[in-house]
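Notes follow once the structure below has been shown.
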Amino acid sequence: MERVESGQLENSNAILVIAPYWNHGTWVFDDPSVGLVREPFVSGVPEILTALVSAIPNAQQGFRLLFSANPFPGFQAEYLRESTEYSGTWYRTSDGRRGWLCPALFKYYRVAPERLYVRAEPLDQKH
(Lines give C-alpha, C1' and ligand atoms only; values in the text may rest on other atoms or scores of the structure.)
Protein backbone atom coordinates (compact mmCIF):
# COMPACT_ATOMS: atom_id res chain seq x y z
CA MET A 1 0.00 0.00 0.00
CA GLU A 2 1.10 3.54 -0.67
CA ARG A 3 1.81 5.74 2.32
CA VAL A 4 0.93 9.38 2.86
CA GLU A 5 2.95 12.20 4.42
CA SER A 6 1.75 11.41 7.97
CA GLY A 7 3.31 7.98 7.59
CA GLN A 8 -0.07 6.27 7.74
CA LEU A 9 -1.27 3.84 5.11
CA GLU A 10 -2.98 5.74 2.29
CA ASN A 11 -6.08 3.54 2.33
CA SER A 12 -6.44 3.73 6.12
CA ASN A 13 -8.91 5.79 8.08
CA ALA A 14 -7.55 8.90 9.81
CA ILE A 15 -8.77 7.44 13.11
CA LEU A 16 -7.89 3.81 13.69
CA VAL A 17 -9.59 1.47 16.15
CA ILE A 18 -8.64 -1.69 18.00
CA ALA A 19 -10.38 -3.52 20.84
CA PRO A 20 -7.90 -4.41 23.61
CA TYR A 21 -8.82 -6.96 26.26
CA TRP A 22 -7.09 -8.50 29.30
CA ASN A 23 -5.28 -11.81 28.71
CA HIS A 24 -2.59 -13.55 30.76
CA GLY A 25 -1.97 -10.50 32.95
CA THR A 26 -1.70 -7.82 30.27
CA TRP A 27 -3.68 -5.96 27.65
CA VAL A 28 -3.68 -7.56 24.18
CA PHE A 29 -5.55 -6.98 20.94
CA ASP A 30 -6.44 -8.78 17.74
CA ASP A 31 -6.42 -7.16 14.32
CA PRO A 32 -6.80 -9.77 11.59
CA SER A 33 -6.61 -7.04 8.93
CA VAL A 34 -2.89 -6.66 9.70
CA GLY A 35 -2.18 -10.21 10.90
CA LEU A 36 -2.10 -9.64 14.67
CA VAL A 37 -3.60 -12.04 17.22
CA ARG A 38 -3.29 -11.50 20.99
CA GLU A 39 -0.60 -8.85 20.37
CA PRO A 40 0.49 -7.81 23.87
CA PHE A 41 1.13 -4.33 25.18
CA VAL A 42 4.29 -4.32 27.32
CA SER A 43 6.83 -2.04 29.02
CA GLY A 44 4.68 0.60 30.69
CA VAL A 45 1.77 0.54 28.22
CA PRO A 46 -0.42 -1.83 30.32
CA GLU A 47 -0.28 0.63 33.22
CA ILE A 48 -1.07 3.55 30.89
CA LEU A 49 -4.05 1.68 29.41
CA THR A 50 -5.32 0.64 32.84
CA ALA A 51 -5.39 4.31 33.91
CA LEU A 52 -7.04 5.32 30.62
CA VAL A 53 -9.92 2.84 31.11
CA SER A 54 -10.39 3.36 34.85
CA ALA A 55 -13.92 4.75 34.33
CA ILE A 56 -15.02 2.00 31.90
CA PRO A 57 -16.93 -0.81 33.64
CA ASN A 58 -15.65 -4.30 32.80
CA ALA A 59 -12.90 -2.90 30.57
CA GLN A 60 -10.90 -6.11 30.99
CA GLN A 61 -13.51 -7.89 28.87
CA GLY A 62 -12.67 -5.42 26.10
CA PHE A 63 -12.94 -1.79 25.16
CA ARG A 64 -12.64 0.26 22.01
CA LEU A 65 -9.38 2.21 21.60
CA LEU A 66 -9.40 4.93 18.95
CA PHE A 67 -6.01 6.31 17.96
CA SER A 68 -4.63 8.76 15.45
CA ALA A 69 -1.49 10.69 14.58
CA ASN A 70 -3.72 13.80 14.53
CA PRO A 71 -5.96 15.29 17.21
CA PHE A 72 -9.65 14.42 16.90
CA PRO A 73 -12.77 15.59 18.80
CA GLY A 74 -12.98 13.92 22.19
CA PHE A 75 -9.44 12.51 22.37
CA GLN A 76 -8.53 11.73 25.98
CA ALA A 77 -4.77 11.67 25.90
CA GLU A 78 -1.81 12.77 23.82
CA TYR A 79 1.43 10.80 23.84
CA LEU A 80 4.72 12.28 22.63
CA ARG A 81 7.32 10.20 20.81
CA GLU A 82 10.48 10.12 22.88
CA SER A 83 12.98 7.63 21.44
CA THR A 84 13.41 4.28 19.75
CA GLU A 85 14.70 1.03 21.19
CA TYR A 86 14.67 -2.58 19.97
CA SER A 87 12.78 -1.63 16.79
CA GLY A 88 9.98 -0.10 18.90
CA THR A 89 9.14 3.41 20.04
CA TRP A 90 8.96 4.98 23.49
CA TYR A 91 6.15 7.46 24.12
CA ARG A 92 5.71 9.79 27.11
CA THR A 93 2.40 10.75 28.70
CA SER A 94 1.61 14.29 29.87
CA ASP A 95 2.19 13.15 33.47
CA GLY A 96 5.63 11.73 32.65
CA ARG A 97 4.87 8.01 32.40
CA ARG A 98 6.63 6.12 29.61
CA GLY A 99 5.39 3.27 27.46
CA TRP A 100 7.04 1.30 24.65
CA LEU A 101 5.08 0.43 21.52
CA CYS A 102 6.52 -2.59 19.75
CA PRO A 103 7.12 -2.84 15.98
CA ALA A 104 3.43 -3.76 15.52
CA LEU A 105 2.95 0.03 15.39
CA PHE A 106 4.43 -0.16 11.89
CA LYS A 107 1.45 -2.22 10.75
CA TYR A 108 -0.40 1.11 10.98
CA TYR A 109 2.30 3.72 10.32
CA ARG A 110 5.40 3.78 8.10
CA VAL A 111 7.21 5.83 10.75
CA ALA A 112 6.29 6.24 14.40
CA PRO A 113 4.12 9.37 14.67
CA GLU A 114 5.54 12.27 16.64
CA ARG A 115 2.30 12.30 18.64
CA LEU A 116 -0.45 9.76 19.21
CA TYR A 117 -3.93 10.83 20.27
CA VAL A 118 -6.19 8.25 21.90
CA ARG A 119 -9.64 7.72 23.32
CA ALA A 120 -10.95 4.68 25.19
CA GLU A 121 -14.67 3.84 25.04
CA PRO A 122 -16.88 0.97 26.15
CA LEU A 123 -17.49 -1.53 23.36
CA ASP A 124 -21.23 -0.95 23.57
CA GLN A 125 -21.05 2.86 23.35
CA LYS A 126 -23.36 4.28 20.70
CA HIS A 127 -22.27 7.24 18.54
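Tabulated data
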quantity	calculated
Filter result for the condition that a residue is part of a loop (DSSP other than H, G, I, E, B) and either without any contact (Cβ under 8 Å) to a residue 60 or more places away in the chain or under 23 Å from ARG98 (Cβ atoms) (or both), over ALA55, ALA51	ALA55
From ARG81, ARG98, ARG92, residue being under 22 Å from ALA14 (Cβ atoms), at pLDDT 95 or above and not acidic (Asp, Glu)	ARG81
Hey, VAL28 among the β-branched types (Val, Ile, Thr) and surrounded by fewer than 16 Cβ atoms within 10 Å (Cβ to Cβ) or not	no
Whichever residue in the stretch 108-117 is assigned to a strand (DSSP E or B) and either free of Cβ contacts under 8 Å to residues at least 60 places away in the same chain or more than 13 Å from the chain's Cα centre (by Cα) (or both) and, among such residues, is surrounded by the most Cβ atoms within 10 Å (Cβ to Cβ)	LEU116
Where a residue in the stretch 13-27 is touching a residue at least 12 places away in the same chain (Cβ under 8 Å) and its partner, wherever it lies, is of a type outside the set (Ser, Thr, Tyr) and loosely packed, with under 13 Cβ neighbours inside 10 Å, with Cβ under 7 Å and at least six apart	TYR21/GLN61; ASN23/ARG38
TYR109 touching a strand residue (DSSP E or B) at 6+ places or on another chain (Cβ under 6 Å) and of a type in the set (Phe, Trp, Tyr)	yes
Looking only at the stretch 38-73, and only at residues there that are aliphatic (A, V, I, L, M) and over 14 Å from the mean Cα position of the chain (by Cα), the one that is surrounded by the fewest Cβ atoms within 10 Å (Cβ to Cβ)	ALA55
Selection status of VAL17, surrounded by fewer than 18 Cβ atoms within 10 Å (Cβ to Cβ), touching an Asp or Glu at 6+ places or on another chain (Cβ under 8 Å), assigned to a strand (DSSP E or B) and not aromatic (Phe, Trp, Tyr)	no
First in the stretch 84-107 and hydroxyl-bearing (Ser, Thr, Tyr), second anywhere and assigned to a loop (DSSP other than H, G, I, E, B), Cβ under 7 Å, 6 or more apart	THR89/ALA112
In the stretch 74-90, residue surrounded by the most Cβ atoms within 10 Å (Cβ to Cβ) [restricted to those that are of a type in the set (Gly, Ala, Ser) and under 17 Å from TYR109 (Cβ atoms)]	GLY88
Test result for LEU66, assigned to a strand (DSSP E or B), in contact (Cβ under 8 Å) with a residue 40 or more places away in the chain, among the aliphatic types (A, V, I, L, M) and closer than 15 Å to ILE18 by Cβ	yes
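The values are calculated or read from the model by the stated rules, or taken from the named source; none is laboratory data. Quick caveat: nothing in here was measured; it's all calculated off a predicted structure. When we count neighbours, we look across all protein chains shown, and the Cβ atoms used for this are built from the backbone with ideal geometry, even at glycine.
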